[in-house]
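What follows is a set of notes on a single structure, which appears directly below.
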Amino acid sequence: MEKQKYYMTTAIAYTSGKPHIGNTYEIVLADAIARFKRMQGYDVFFQTGTDEHGQKIEEKAKEAGVSPQEFVDNVAGEIRRIWDLMNTSYDKFIRTTDKDHEKQVQKIFKKLYDQGDIYKGYYEGMYCTPCESFFTESQLVDGKCPDCGREVKPAKEEAYFFKMSKYADRLIEHINSHPEFIQPVSRKNEMMNNFLLPGLQDLCVSRTSFSWGIPVSFDPKHVTYVWLDALTNYITGIGYDCDGESTEQFKKDWPADLHLIGKDIIRFHTIYWPIFLMALDLPLPKQVFGHPWLLQGDGKMSKSKGNVLYADELVEMFGVDAVRYFVLHEMPFDNDGVITWELMVERMNSELANTLGNLVNRTISMSNKYFNGVVNNAGVLDPIDRELKETAISAAEKVSAKMEELRVADAITEIFALFKRCNKYIDETMPWALAKDESKKDRLATVLYNLVESISMGAALLEPFMPETSGKILAQLGAKKRSLDVMNMFGLYQSGTKVTEKPEILFARLDVKEILEKVEAKQAAQAEPEAAEESAGIDLEPKAEITFDDFAKLQFQVGEIIACEEVKKSKKLLCSQVRIGSQVKQIVSGIKAHYSAEEMVGKKVMVLVNLKPATLAGVKSEGMLLCAEDAEGNLALVIPEKDMPSGAEIC
């Protein structure tokens with residue numbers, strides 16, 4: 001019987017730098033799903049890769065003094081190294097600089113142009129280079145990019161546009177008639193209410209202000225803009241040909257069964273991508289799953305904050321499978337997860353070392369101590385065995401049900417519920433007490449057999465999530481890897497099998513203080529060369545010279561923040577009440593991503609007092625708080641070096 005196909009993809013990683021653990025989470029999540037689907041008997045094709053074009057990469061390559069191709073070759077190699085380090089079983093790693101991909105993108109662009117879906121025009125608006133996105137003035141928040149909060153610059157350039165509105169009604173109908181298409185449901189509601197129902201604007205699909213991209217074949221001063229280039233990897237990677245000469249693999253595997261992506265790019269995958277496919281007369285993917293983010297304990301990861309965690313650093317401390325366990329188990333289905341060194345150590349000790357590692361170790365040790373390692377099913381049953389067996393034989397069905405909904409964390413919880421039941425079974429049966437009574441030797445043998453069989457079943461289920469650990473447990477028990485279709489049968493472990501003589505410690509308990517000391521030492525060592533690099537500071541493009549009379553028009557004073565609250569209509573703004581001498585001014589600032597309202601209260605700050613009042617997000621602002629901004633857009637309030645009274649002049 002021919003296997004049913006299952007084609008799944010991750011988003012392709014942007015080659016602007018080394019991926020942190022939040023980026024790496026996606027490939028591990030995808031790998032767990034792919035491995036489980038293979039366990040279910042599917043013919044899985046799992047594709048990942050790198051997105052390698054764009055203005056940001058062109059600029060980073062220039063800064064590094066290398067060609068864009070050299071730059072992306074280096075970063076793509078690093079991304080692939082980390083994907084391999086995390087033991088991910090992808091079938092293809094596509095790069096958007098692959099020649100066959102570039103050729104198909106050019107053909108797709110030409111086809112869409114020839115059939116009237118793409119037209120030539122001009123784009124004028126505010127452009128954010130890091131996000132590679134245009135915005136209108138009304139879309140900006142506090143005059144800055146609504147997505148990342150960084151500076152935007154006015155830009156006007158000739159561009160080609162895709163007629164999105166032509167297919168909008170058809171897409172709305174598809175989403176309404178296929179409730180499984182966008183998951184979780186909250187993502188679907190966001191796309192419908194915020195983008196589709198208000199009406200789609202035509203999409204810019206080419207650029208002329210930089211050259212690092214795929215040239216438009218019939219107008220080479222234009223390069224294909226990021227999303228038409230990047231999104232099409234899902235079809236070019238399996239052999240799509242725009243001229244009708246697609247490969248047998250494409251005919252077999254398309255449409256994709258699952259696009260697994262981060263929630264921040266859900267719009268591009270559930271609006272732009274389906275519309276491109278409609279224009280190409282291709283079926284839409286069956287499901288797009290927008291997973292949440294993995295955040296550092298003190299917020300979103302940022303190199304300038306020094307809170308970025310990388311997979312290889314975590315693996316060095318905890319091992320591959322411990323890191324896989326953590327990122328898979330600690331991520332809720334629909335909310336952001338949190339990772340810290342302390343939380344990693346806590347989970348390592350409680351779940352991996354205690355619940356799992358100690359269970360395997362003492363089961364093998366008791367088998368060696370009481371029966372020279374030979375595990376026999378003596379058939380001396382007790383009613384107390386029933387609950388353990390029921391937990392074991394129902395585990396696979398429960399795990400499968402959770403995985404069907406892509407609730408990977410819940411699936412792992414079901415497996416560990418079996419391991420916890422095994423630990424409880426040891427406490428209930430007390431093998432050490434049975435060993436003291438020769439007449440209960442057969443009962444003791446049965447208890448140990450039940451334990452080994454239950455652990456073997458749990459270990460087999462664990463393989464998609466912790467493949468190395470699964471293999472180690474089965475090898476130590478002398479158990480064979482079993483398929484899902486026999487997981488509802490208890491007693492397949494062959495009686496008379498011998499376990500290993502010396503059980504391996506699967507997960508050692510760790511001391512959180514020692515781990516944090518190692519982390520601090522490593523960060524200090526890394527900071528020394530970085531500090532030397534940073535000493536040069538940041539160069540800004542100089543503005544026009546001014547006279548002292550120009551400067552004298554600006555009134556700067558020390559202010560004390562006496563109250564602060566979030567601006568309800570904005571994701572970026574805080575509204576502060578600032579005492580300046582005997583006056584109190586209300587000042588609105590776009591610093592919510594960097595300060596909470598609570599921590600603002602009591603701060604002495606530098607204020608531009610005589611700025612003309614303005615209304616931001618419906619709230620009046622009567623001045624400006626001075627901030628410093630680094631190269632990554634992180635802000636810090638400028639405060640007096642010494643304690644100065646409210647109202648003191650800054651001159």
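Derivation of every value follows stated rules applied to the coordinates shown; laboratory data play no part. Fair warning: this is a prediction, and the values are worked out from it, not measured in the lab. Reconstructed Cβ throughout: ideal geometry from the backbone, glycine too, with neighbour counts over all protein chains shown.
With 27 Å as the limit on Cα-Cα distance, the pairs of K37/K263; K620/K642; K263/K543; K163/K569; K62/K107; K163/K221 that go past it are K620/K642; K263/K543; K163/K569; K62/K107.
Put in order of Cβ neighbour count within 10 Å, fewest first, the listed residues R150, R407 become R150, R407. Shown in residue order for segment 370-375 are the 3J(HN,Hα) couplings computed by the Karplus curve 6.51 cos²θ - 1.76 cosθ + 1.60 at θ = phi - 60°: 9, 9, 6, x, 8, 9 Hz (x for Gly and Pro). Amide H to amide H, with H built 1.01 Å from N, K5 comes under 5 Å of D43, counting only residues 5 or more places away or on other chains. Equivalent ellipsoid of segment 96-195: semi-axes from √(5λ) of the C-alpha gyration tensor, largest first, are 25, 24, 15 Å.
Shape call for segment 340-498 from the C-alpha gyration tensor, a ≥ b ≥ c root eigenvalues: rounded (a/c under 1.5), prolate (a/b greater than b/c) or oblate?
Values: a/c = 1.84, a/b = 1.48, b/c = 1.25.
Taking the square roots of the gyration eigenvalues as a ≥ b ≥ c, segment 340-498 is prolate.
Using the crude model of +1 on Lys and Arg Cβ and -1 on Asp and Glu Cβ, and no other charge, please compute the dipole size for segment 489-626 relative to its Cα centre, in debye to 20. Write out the running numbers ahead of the final one.
Numbers: 19 positive and 21 negative charges, 183 e Å.
So the magnitude is around 880 debye.
With no solvent and one equal point scatterer per Cα, compute the Debye intensity ratio I(q)/I(0) for segment 418-573 at 0.09, 0.15, 0.16 Å⁻¹ and report its log10, rounded to two decimals. With no solvent term, the Cα-only Debye profile gives -0.64, -1.01, -1.07. Would you order F45, F210 from fewest to most other beta-carbon atoms within 10 Å of each residue's own beta-carbon? Fewest-to-most Cβ neighbours within 10 Å comes out as F210, F45. The magnitude of the dipole of the chain, with charges of +1 and -1 set on the Cβ of Lys/Arg and Asp/Glu and taken from the Cα centre, is near 1400 debye.
For the chain, the residue among M164, S367, I271 whose Cα projects farthest onto the positive side of the dipole built from Cβ charges is S367.
Relative contact order for the chain using alpha-carbon pairs under 8 Å, separation at least 6, rounded to a whole percent? Please list the in-between numbers first.
Values: 1070 pairs, mean separation 73.5, N = 651.
In percent, rounded to a whole number, it is 11.
Phi angles across segment 438-450 convert, under the Karplus curve 6.51 cos²θ - 1.76 cosθ + 1.60 with θ = phi - 60°, into 3J(HN,Hα) values of 4, 5, 9, 4, 5, 5, 4, 4, 5, 4, 5, 4, 4 Hz, Gly and Pro given as x. Centroid-to-centroid, using Cα positions, segment 17-82 and segment 208-264 are 16 Å apart. For segment 610-651, the set of GluC sites (Glu not before Pro) satisfying both a DSSP loop assignment and a count of at most 15 other C-beta atoms within 10 Å is given as E632, E641. Kirkwood analysis of the Cα pair distances in segment 548-650 returns a hydrodynamic radius of 13.9 Å.
With Cα atoms as the point set, the radius of gyration and Dmax of segment 17-157 evaluate to 19.0, 54 Å. In this Cβ point-charge picture (+1 for Lys and Arg, -1 for Asp and Glu), segment 340-498 has a dipole of about 520 debye about its Cα centre.
I need the shape label for segment 387-475. Rule: rounded when a/c is under 1.5, else prolate if a/b > b/c, else oblate, with a, b, c from the alpha carbon gyration tensor. Write out the running numbers ahead of the final one.
On the way: a/c = 3.12, a/b = 2.18, b/c = 1.43.
The shape class here is prolate.
Taking amide H atoms as placed 1.01 Å from N in the peptide plane, the amide H of Y14 lies under 5 Å from those of D51, each 5 or more residues away in sequence or on another chain. Assuming a ≥ b ≥ c are the square roots of the Cα gyration tensor eigenvalues, decide whether the chain counts as rounded (a/c under 1.5), prolate (otherwise, with a/b larger than b/c) or oblate. Oblate, because a/c is 1.5 or more while a/b does not exceed b/c. For Y225, nonlocal amide neighbours, meaning residues 5 or more places apart or on other chains whose placed amide H falls under 5 Å from its own, are S206, R207. Dividing the summed helix terms, -39500 (n - 2.57) for each DSSP H run of n ≥ 4, by the number of residues in the chain produces a 222 nm estimate of -12000 deg cm²/dmol to the nearest 500.
Only counting other Cβ atoms within 10 Å, I'd like H594, H101 sorted with the fewest neighbours first. Intermediate values should be presented prior to the final figure.
Working: H594 19, H101 23.
The fewest-first ordering by Cβ neighbours comes to H594, H101.
Restricting attention to segment 1-65, which GluC sites (Glu not before Pro) occupy a DSSP loop and are surrounded by at most 14 other Cβ atoms within 10 Å?
Working: sites: E2, E26, E52, E58, E59, E63; in loops: E2, E52.
Those satisfying the criteria are E2.
Tally Lys and Arg at +1 and Asp and Glu at -1 over the other residues with C-beta under 12 Å from the C-beta of G618: what net charge comes out? Each step should come with its number before you reach the end.
Values: positive: K568, K569, K620; negative: none.
Spelling it out: positives minus negatives among the neighbours equals +3.
The residue among I591, I94, N450 whose Cα reaches farthest toward the positive pole of the charge dipole of the chain, with charges on the beta-carbon of Lys, Arg, Asp and Glu, is N450.
When the pairs K92/K252; K513/K603; K166/K571; K5/K420; K389/K498 are compared against a 26 Å limit on Cα-Cα distance, K513/K603; K166/K571; K5/K420 fall above it. Normalising the average separation of contacting C-alpha pairs (under 8 angstrom, six or more residues apart) by the number of residues puts the relative contact order of segment 548-650 at 32 percent. Placing unit charges on each Cβ (+1 for Lys and Arg, -1 for Asp and Glu) gives segment 340-498 a dipole about its Cα centre, and among S350, A435, P464 the Cα reaching farthest toward its positive end belongs to A435. Note on the chain: antiparallel DSSP beta bridges, both residues inside, total approximately 70 percent of the bridges counted.
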